[in-house]
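One structure below.
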Amino acid sequence: MYQPSHFEERRPEVLRQMILAHPLGELITLGPQGLNADHIPMEFDPEPAPHGTLRCHVARANPVWREHRSDVEALVVFRGPSAYVSPSWYPSKQETGKVVPTYNYAVVHAYGTLRVVEDPVWLRALVDRLTRRHEAMLPQPWNLADAPEDYIQSMLRAIVGLEIDVSRMLGKWKTSQNRSLADRAGVARGLARLGDTAADMAQLVNQNLGN
């Protein structure tokens, strides 16, 4: 990933929070047919330090668990807020006219060795944790006990676990840091006017106004 220094995000707590807030990861692996990408909800465990562990499961029918190159690190991409930035939002447009459109975004890239897990106890515990986390926001959360046990067992037999010991993380927060303070404030106002679709990016730009 191209990483200009003014867009680089290194703080571990910020990277972890982005993963927790946007857990759908793009798992990129190398196999016999070349590069492969799977979109999978991930569990993030901060242990072991410093980068932690990612865990997920895939369908047993998905060839990724059999065909990934174990000698090549896997990459998981987590995409945070993103938004188009209009040059009309820059006050400097009125001064020089030397402005062009761009796109703001925040992403985390996590690299590590992929390990396959077929232990049914491990799989059930992972599914239970993922379910509890994502159901917690609902007024009547669903849990594994709501389904017949034989059905749950058949579903568990149809999946395979994946675990990634994260060796390094890269964070890129492209939130208009390369613009003047006035232009950045203009971007924040422009994004805020777009409403919910750009609210998260507006917040990130506002957070960087003092940097």
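Read-outs: derived from the displayed coordinates by stated rules, not from any lab. All of these numbers come straight from a predicted model, not from anything done at the bench. Note: ideal-geometry Cβ built from the backbone for every residue, glycine included; neighbour counts use all protein chains shown.
Observations on the model:
- For Asp146, Asp165, order by how many other beta-carbon atoms lie within 10 Å, fewest first: Asp146, Asp165
- Anisotropy class assigned to region 78-144 is oblate, per the alpha carbon gyration tensor with a/c at or over the 1.5 cut-off and a/b no larger than b/c.
- Angle between the chain longest axis and helix 120-135 axis [Cα atoms, degrees, rounded to 10]: 40 degrees
- Student exercise, the chain dipole from Lys, Arg, Asp, Glu Cβ charges, in Debye to nearest 20: 900 debye
- For the chain, the longest principal axis of the alpha carbon atoms and the long axis of helix 12-21 meet at an angle near 70°.
- Loop chymotrypsin sites (Phe, Trp or Tyr not before Pro), region 108-151 (other Cβ atoms within 10 Å of the site Cβ: 14 or fewer; DSSP): Trp142
- Net charge of Cβ neighbours under 14 Å - reference Pro120; Lys, Arg +1; Asp, Glu -1: -2
- Its DSSP H runs of at least 4 residues, each contributing -39,500 (n - 2.57), put the calculated 222 nm mean residue ellipticity of the chain at -9000 deg cm²/dmol, to the nearest 500.
- The loop-placed trypsin sites (Lys or Arg not before Pro) in region 89-158, going by DSSP, that have at most 14 neighbouring Cβ atoms within 10 Å of their Cβ come out as Lys98.
- Region 125-192: C-alpha gyration tensor shape, a/c 1.5 cut-off, then a/b vs b/c: oblate
- Take the Kirkwood radius over Cα pairs of region 5-203, plug it into Stokes-Einstein at 20 °C and 1.002 mPa s, and you get 112 µm²/s for translational diffusion.
- Distance between the pseudo-spin-label points of Ser5 and Arg129 (7 Å out from Cα toward the beta carbon): 3.8 nm.
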